[in-house]
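I have placed the structure first, in the form of C-alpha cells, so that the comments after it can refer back to it.
The values are calculated or read from the model by the stated rules, or taken from the named source; none is laboratory data. These figures come from a predicted structure and were not determined experimentally. Cβ coordinates were reconstructed from backbone atoms using ideal geometry, including for glycine residues, and neighbour counts include every protein chain displayed. All accessible areas refer to the heavy atoms of the entire protein, side chains included, with ligands and DNA or RNA removed. Shrake-Rupley method; radii C 1.70, N 1.55, O 1.52, S 1.80 Å.
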Amino acid sequence: MLMVNLLYSLRTYGCTSIVAQSSTGQIWHGRNLDYGESSYEKQLLTKLAIQVHFRKNGQILYTGNTYAGIVGLPNGQRHGAFAISLNERAQGDAMENLRMLVWRAIPVPMLIRQVLDSPLNYRQAIEKLLTTTIPAPAYLTVSGIQPGEGAVITRDRRNPVDVWQIDTTRNRTPGNKAMNAIGPQGFNGTSMLQVLSTAPLLNPLTTFTAIMSAVDPKAYHSVVLQP
C-alpha cells in the first residue's frame, strides 16, 4: 500500500474537472479521472476503481472515489459543505516530488481526505488547500453549496499560484463549449454526465466519472468506464 501511494504522489493525476451553476443556483461539480499509459493499465485501473462512504456514528460524513489500495482521494464530497477534485499540473519532476515527500509534504490525495474529514466550510476548505505544503504541483477544483461557490486553485509545492473563481461568461475550452451547448436551465447531474461523456473530455485514458453536488448527498454518483 505504501508503494502504491508513493507512485500516485510522484505522478499525481491527469483529468478533467468542471464546476457549474444551474439556473436555480445549485452548484454541480463533475470530474473525469484519466490515468494509465496502455489498454492493460486502463483495464487494471477500472477494476480497482471504487466509490467509498466515510461514516461517523452511523452517519455518512463524506463520499469519495479512489482506486483500491489507495488511502487518499483524488475527489470527494463532504455532504452539506463542499466537494474537491484533483487534476495533474505537469511541472517539475518526480525526484523533486520525492524530495518533498522526504520533507514531509502531504500527498495531495491525502490532503483532500484530511480536508473532507474536517468540519470545514467552503472558504475554510479553500484556505487549507491553499496553504498546506504538497509534494507535486496540482490543480484543485472546489465547489460549495451556495451560488457562486466554485473555484480552481493552481498550486506549486509550497505556495498557491492563482485562484480562478467560477465564471459563467467565458468560453475557452471544450468543457466550456459543451456546457454552453446545454445551458443553465434545468442543469443537473444528468447534464453534467452528458458533458463529461463528450470527447475529448471522455477519452481512452478515462477510468471513471464522478458527479457531485455538496448541497445534496443523494446527488453523488460515479461511473466506471470500461476499456
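A few comments on the model shown:
- Whole-number accessible area per residue in Å² for region 76-202, which is evaluated in the context of all protein chains at 1.4 Å: 50
- Cα gyration tensor category, rounded, prolate or oblate, for region 43-201 with a/c compared to 1.5: rounded
- With θ taken as phi - 60° and the Karplus curve 6.51 cos²θ - 1.76 cosθ + 1.60 applied, the whole-hertz 3J(HN,Hα) list for region 115-128 is 5, 5, 7, 9, x, 9, 9, 4, 5, 5, 5, 4, 4, 5 Hz, x standing for glycine and proline.
- Fully extended contour minus Cα-Cα distance, from Lys177 to Ser23, at 0.36 nm per residue: 53.7 nm
- Distance from region 191-211 to region 104-139 (C-alpha centre basis), Å: 25
- Using C-alpha pairs below 8 Å separated by at least 6 residues, the relative contact order for the chain is 28 percent.
- Separation of the Val223 and Leu48 label points, Cα + 7 Å toward Cβ, nm: 2.4
- The calculated FRET efficiency for the pair Arg123 and Val161, based on their C-beta separation and a Förster distance of 25 Å, comes to about 0.85.
- Per-residue ³J(HN,Hα) for region 60-72, Karplus 6.51 cos²θ - 1.76 cosθ + 1.60, θ = phi - 60°, Hz, x for Gly and Pro: 6, 8, 8, 10, x, 10, 6, 10, 3, x, 9, 7, x
- Prolate/oblate/rounded label for region 96-135 (Cα gyration tensor, a/c 1.5): prolate
- Share of carbon and sulfur in the accessible heavy-atom surface of the chain [1.4 Å probe, %]: 54
- Computed from phi, the 3J(HN,Hα) profile of region 142-158 under the Karplus parametrisation 6.51, -1.76, 1.60 (θ = phi - 60°) reads 10, 10, x, 10, 9, x, x, 8, x, 7, 10, 9, 9, 10, 8, 5, 10 Hz, with x in place of Gly and Pro.
- Between amide H atoms placed 1.01 Å from N, distances below 5 Å from Leu225 occur with Phe208, Thr209, all of them 5 or more places distant or on a separate chain.
- Legend: distances between Cα atoms for Lys47/Lys128; Lys56/Lys218; Lys177/Lys218; Lys42/Lys128; pairs beyond 29 Å are Lys47/Lys128; Lys42/Lys128.
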